Amino acid sequence: KGHVERAEAAAKAATPEEVAALDPDAPKEAEEGAEGEEAPAEEGDGEGEAAAEPEEDKPVPIVPVPLALADAIYEQWSGAESAYLEGLHQCFASMREERSLSLAHFVDAKKTFAEFLRRPDEKMTAVREFQSKFNDVDLDHRRDPRTKGELLVRADELRDALWDICDAKLQEAVDERQKIVDDTYVADHTVLATGHYVAMVQLELDKFAETQSVLADYYTARRGAELKEEGPEVPPPPDVLGEESPLPVPAAEESPKWLKDAIELTPTLAAAVSATLEYLKSLSPTEPDPEAEEAPAEPAEGEEPPPPKTDAERAAETSAADLEAAMAIERHTLKWRIKRVVENAVSHAKHLKRVEAKALVRLEEYLRGRYHQECSAVAALTEEIKCAVDEERPLTNDLILDDVDFIVLEEELAIPDDPPQPPAPPVEPPARGPGVFTASQLANLCAGLSSASVTGVMTAGECARVFARCAAVLTPADPGVPPAFSMCNEGVLAAVARTFAFGDSLYCEWRAMIVSLLVDMYPEIAEASVERLASAAAQLAAPALAGRAVFAKARKLWFLPTQVVGQVDVAGIVMRALADAFAFEDGEEGTVDIESLILHLCASTESKETGVKKAMELAKVLAVLKLVPERPKETPEAEGDGEDGGDHSEKENAEEDPEEATKVSPEAPEEPEPTPEVPPTPEAAAARFAAMGPMSDAAITLLTVHDVQGGDVDVPALLRAGDEGGASALLSNPATARWFSRFLVRDLHAMVKV
């Protein structure tokens, strides 16, 4: 590097004095030249005779290097230095990457092997199966010595089976470790790292060749010698990378001591270094033999002495000597640097082997330690089982072989607690007595009667047959009827139904019978006031028009109980029963006659008069409320209004023969169907029924016909009766008394008992 610095300074020097000042030998040569010039003068002055110094013995002066040549030499040297440094940077980066990859490889190998050791196995399956069978042994057998011996033998068998699993896992782990041992990762990456070190040797050789060329030009120019275009003949450096042909590996006996480890660990690098040393040896000059050195031959007599050397020859010889001295230093430096490269390469290879050896030792420790821990956990499990056998108890807690640990989970039980009992299905509260219906029994009876006769009128025998069908319990879900009724035959049941007949007719109204059964279930119905009944009618009017399903889910009546947890919805069942009983149309969409229902609830347990009076007072309120819209007439009636002076002869004929009055003459012209009239007011309805007379036979017939057909004439009739004498007017006539006997509650239980 000192030569380069002096070359750079020489390129910037402008005078010979500045160039001479840069050379350490220049002052000495200048002084010697000055002394040589002064010596003859002194001798001339003293003796007068002095021999002049030969011209060829004078030193070759140092001349300044031309600026253009100095720039060319500098550029050549800078290019060589840049290529050398860039190559070194790449080699160093590659070696750092190689070291980090090697370290990461062994870390990953240890991590992967540890995960392999933690792989799941079948030990817990065997433990679960053994624990289940162990806990299945009852307490009496656990106390038997023979059973204890059997359980201890089974515990030993479980231990041996678990240890067999551990042995199998150990062998698998040994095989897995052997795969890592047989892996050629270290050898392969040693070859890769060696390639980087060989590249560094090649960089050193290339720099050495470029340095020789630069120094040859520099010293030739400094001594003023002639520069040749071809330059000195120097053999090119060898291709140690082995791109053309691989280099032979040298023998350990013929190599330096510091190269023997490289021959074993990095043979490629050893071959490259051996070729480099041979190259340097070929460049070194042959050392002269001191014994063969002789004095210079003197010319013989008569021979002319050789001509003196010219300045150019002397300059060439001097520059060659300077170049040889500089290159000797370069060769020594190159050998030293190559030796350092070899040392680092050998250290790298040994480091890889050392890391691999440590990793393999660590894997062996993992393997043996894991095996020992697993076997110890199995032994602890066996001891726990044997303790349970000695203590005559089951393995209550859950036993876990978690990785290499044996755990007894105290918070989790292997024998789970008995599951909680499912909630009991809701039950229906019992009836108040042996002759009282429950809600389900009443709903079943209402559904059967409604399906048999939706008009509410049927024969007593048919009513008895429906009763008997409801009493038959064919499935556990059938509610049946109270025992007092189920023990009766159809004759007794028909006699009971006949108490609700219309006079001497065979037909009876089964809705009044349902009300009697309902009052027997809820006695507070008979004590209800007119205001309470009217309020209930107003609240249930809209749901009643919407159909049976909506009515059953509507607001409950005042006498129904609230639902209790664990019991069925009694109120909903009773509402469904009333919807089926008082619906005059089939299907879920059939409307419920709310006025008929409320008037039937006016029945009294005391007497008919009390029930009729309450019904007449309620009719006045319902007439104002107009809860049920008036139905359109099917045929035009030829009746006059008492107030407009209509034809009374037709009314009298209708009273004498009501059937003839309803017939229409075929010869009469067909009249267009009248427009539906606006519902009459209560006053108009009262005046209309006044024309019929005080509940004449025709009015009673008309009332019966309309009711059987499902029409609603109860409210107008009760209004008229209330205006003309109250309940006595209805009960004075045997026919009307029988009709309005619906307002009396019968004790049906007492009837069937008799």
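The values are calculated or read from the model by the stated rules, or taken from the named source; none is laboratory data. None of the values given here were measured: they were computed from a predicted structure. Cβ sites come from the backbone with ideal geometry, for glycine too, and all protein chains shown count toward neighbours. We work out accessible area using only protein heavy atoms, side chains counted, and drop any ligands, DNA or RNA first. Shrake-Rupley method; radii C 1.70, N 1.55, O 1.52, S 1.80 Å.
If you roll a 1.4 angstrom probe over the protein chains with everything in place, what fraction of the accessible area of region 496-601 belongs to carbon and sulfur, to the nearest %? Don't jump to the answer; show the numbers that get you there.
Working: 2230 of 4170 Å².
Solvent-exposed carbon and sulfur of region 496-601 make up 53 percent of the total.
Given R0 = 56 Å, the distance between the Cβ atoms of residue 325 and residue 390 translates into a calculated FRET efficiency of 0.05.
Label positions at residue 146 and residue 350, each projected 7 Å from the Cα along the C-beta direction, are separated by 7.5 nm.
Gain in length, residue 82 to residue 172, computed as 0.36 nm per residue apart minus the alpha-carbon separation, to one decimal in nm?
Details: separation 90, 0.36 × 90 = 32.40 nm, distance 5.53 nm.
Extending this stretch completely gives an extra 26.9 nm.
Taking a threshold of 21 Å on the Cα-Cα distance, which of the pairs 260/281; 281/350; 179/260; 123/358 fall above it? Long pairs (Cα-Cα over 21 Å): 281/350; 179/260; 123/358.
Which sequence of 125, 276, 455 reflects their accessible areas, 1.4 Å probe, from the largest down?
The ordering from most to least exposed comes out as 125, 455, 276.
The amide H of residue 397, built 1.01 Å from its N in the peptide plane, has 414 as neighbours under 5 Å, considering only residues 5 or more places off or on other chains.
For region 417-496, just say rounded, prolate or oblate: build the C-alpha gyration tensor, square-root its eigenvalues into a ≥ b ≥ c, call rounded for a/c under 1.5, and beyond that prolate if a/b exceeds b/c, oblate if not.
prolate
Between region 501-580 and region 417-449, how far is it from one alpha carbon centroid to the other, in angstrom? What the calculation gives is 18 Å, centre to centre.
Got a number for carbon plus sulfur as a percent of region 85-215's accessible area, 1.4 Å probe? Working shown, then result.
Numbers: 4000 of 7290 Å².
Roughly 55 percent, rounded to a whole number.
With a ≥ b ≥ c taken as the square roots of the eigenvalues of the C-alpha gyration tensor of region 97-149, please select rounded if a/c is under 1.5 and otherwise prolate if a/b is larger than b/c or oblate if it is not? In terms of gyration-tensor shape, prolate.
Counting heavy atoms of the protein chains only and a 1.4 Å probe, report the per residue accessible area for region 415-480 as a whole number of Å². On a per-residue basis, region 415-480 sits at 54 Å². Per residue, the accessible area of region 55-114 comes to 60 Å², computed with a 1.4 Å probe over protein heavy atoms only.
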